[in-house]
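This report refers to the structure that appears directly beneath it.
The values are calculated or read from the model by the stated rules, or taken from the named source; none is laboratory data. Keep in mind it's a predicted model, so treat the numbers as computed, not measured. Note that we place each Cβ from the backbone using ideal geometry, even for glycine, and neighbour counts take in every protein chain shown. Accessible surface areas use protein heavy atoms only, side chains included; no ligands, DNA or RNA. Shrake-Rupley method; radii C 1.70, N 1.55, O 1.52, S 1.80 Å.
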Amino acid sequence: MTISRRKLLKVSGAAGAAASLGLAGAKLYAPAIAGPAPKVRLAWTEVAACHSPLGFGLAKGFYARHNVDVELFYQGASGQTLIQALATNKADVGAGLVLDWLKPLEQGFDVKLFVGSHGGCQRLLASPASGITDLAGLRGKRIAIYDPGSPPKIAFAVTLAKAGFDPEQDFTWQVFPFDLLGEAVNRGDADAAAHLDPWAYAIQKQHNLVQLADTQTGVYEGRVCCVLGANGPFLEANKDAVRRVAAANLEIHEYTANHPDEVAQWYVENLKPGISHEDLTKNLSTIVFHNHPVGKELIEHIRLSIEDLKLTKVIEPATDPAELANRITLDIFA
């Protein structure tokens with residue numbers, strides 16, 4: 001599925017809205033505009049609430065302001081399909097979770113990470129019937145996940161390891177279908193669930209689940225969880241276009257941080273996610289859209305995430321986090 005800039009602008013009916021946006025406090029970059037807008041195919045996960053700023057930003061003209069012609073490509077709902085979209089030249093850049101990017105990049109996948117989007121879109125939730133109210137109470141219990149290598153599983157394995165537990169020995173990770181994690185906990189088939197927003201937010205509300213941890217607080221406080229990466233050959237030939245995407249991305253996410261209700265309204269009206277405007281607004285309000293690092297700041301975020309994945313044995317023990325972070329991350333505005 002592809003969504004062109006022209007189609008989204010037509011749907012939104014607000015092609016020039018970005019020209020009057022208030023962006024006080026945002027880090028703004030204004031590349032010189034000359035010649036026709038370069039084309040960039042951006043892979044996204046349409047169903048993910050945290051990706052809604054990308055569609056909103058296209059519809060409202062953020063990318064057009066930076067003279068870049070972005071086309072959104074729906075790559076699916078996993079890190080594997082994101083990697084495939086870039087590897088098979090179906091997309092030029094893509095938005096994904098840091099923990100989905102790092103192992104393929106360690107193994108030599110030719111992509112550079114160049115701008116952060118936000119922090120905090122994953123939750124570890126317990127059944128109220130279980131009596132679990134903190135991480136210590138989770139020891140020896142069953143945690144529902146949708147895939148053994150899913151970012152929520154890996155993220156909260158890090159949380160548990162840093163709390164002094166052995167993530168693989170002290171807990172039982174049970175796989176359930178992606179859309180049934182809440183039901184598994186509600187039925188008592190699992191004691192807790194590790195999931196992504198907006199689904200995590202939805203099941204927390206639906207089943208009155210207790211939040212034990214998230215990727216905004218605790219060991220993840222101030223950390224970015226989703227970033228954009230660019231295909232190596234495309235980046236080499238089109239660095240200015242990627243720079244324009246990064247500049248627009250900063251504005252889009254800063255605007256979302258200040259206007260989650262407006263982004264939620266656009267998303268509900270145009271993409272029909274099956275989530276109410278009120279719930280989506282509340283969900284977007286909890287995601288840290290102010291957290292969009294670039295340059296040396298982004299490199300440091302990536303280094304810390306590599307160290308986390310070494311802790312959980314996803315990244316090889318001999319890998320140097322600083323060297324890898326510098327190799328796979330580009331200071332796009334340098």
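What to note about this one:
- With respect to the stated conditions, Y74 fails to be at pLDDT 85 or above, hydroxyl-bearing (S, T, Y) and in contact with a strand residue (DSSP E or B) (Cβ under 9 Å, 6 or more places away or on another chain).
- Taking the criterion of being farther than 23 Å from I299 by Cβ, touching a residue at least 60 places away in the same chain (Cβ under 8 Å) and either among the small types (G, A, S) or open to solvent by less than 50 Å² (accessible area, probe 1.4 Å) (or both), the residues of the range 89-136 that qualify are A91, R123, L124, L125, A126, S127, S130, I132, L135.
- Residues that are within 19 Å of L102 (Cβ to Cβ) and not in a loop (DSSP other than H, G, I, E, B), drawn from the range 161-174: A161, K162
Rundown of residues vs (1) hydrophobic (A, V, I, L, M, F, W, C); (2) surrounded by 19 or more Cβ atoms within 10 Å (Cβ to Cβ); (3) closer than 22 Å to Q206 by Cα, yes/no style:
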{"site": "W266", "(1), (2), (3)": "yes, yes, no"}
{"site": "S276", "(1), (2), (3)": "no, no, yes"}
{"site": "N283", "(1), (2), (3)": "no, yes, yes"}
{"site": "I287", "(1), (2), (3)": "yes, yes, yes"}
{"site": "H290", "(1), (2), (3)": "no, no, no"}
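- A single member of A237, A246, A230, A325 is surrounded by 22 or more Cβ atoms within 10 Å (Cβ to Cβ), farther than 21 Å from W44 by Cα and at pLDDT 95 or above, and it is A325.
- The residue that is nearest to F156 (Cα to Cα), among those in the range 204-227 that are charged (D, E, K, R) and in contact with a strand residue (DSSP E or B) (Cβ under 8 Å, 6 or more places away or on another chain), is D214.
- Criterion violated by L212 - all others in (1) under 19 Å from the mean Cα position of the chain (by Cα); (2) aliphatic (A, V, I, L, M); (3) assigned to a strand (DSSP E or B) satisfied: (1)
- Unique match (being in contact with a Ser or Thr (Cβ under 7 Å, 6 or more places away or on another chain) and in contact (Cβ under 8 Å) with a residue 60 or more places away in the chain) among L196, L209: L209
Yes/no matrix, rows are residues, columns are (1) out of contact with any Gly (no Cβ under 6 Å at 6 or more places or on another chain); (2) charged (D, E, K, R); (3) over 21 Å from E46 (Cα atoms):
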{"site": "A91", "(1), (2), (3)": "yes, no, no"}
{"site": "L99", "(1), (2), (3)": "yes, no, no"}
{"site": "L113", "(1), (2), (3)": "no, no, no"}
{"site": "L124", "(1), (2), (3)": "yes, no, yes"}
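- Hits in the range 137-157 (condition: within 15 Å of the chain's Cα centre (by Cα), open to solvent by less than 10 Å² (accessible area, probe 1.4 Å) and either of a type in the set (K, R) or farther than 16 Å from W199 by Cα (or both)): A155
- Verdict on A237 being within 21 Å of G119 (Cβ to Cβ) and not β-branched (V, I, T): no
- Wholly enclosed helices (runs of 4 or more DSSP H) of the range 235-308 bearing at least 3 residues aliphatic (A, V, I, L, M): 239-258, 260-271
- Under the condition of being among the small types (G, A, S) and under 18 Å from T286 (Cβ atoms), the residues counted in the range 36-61 number 3.
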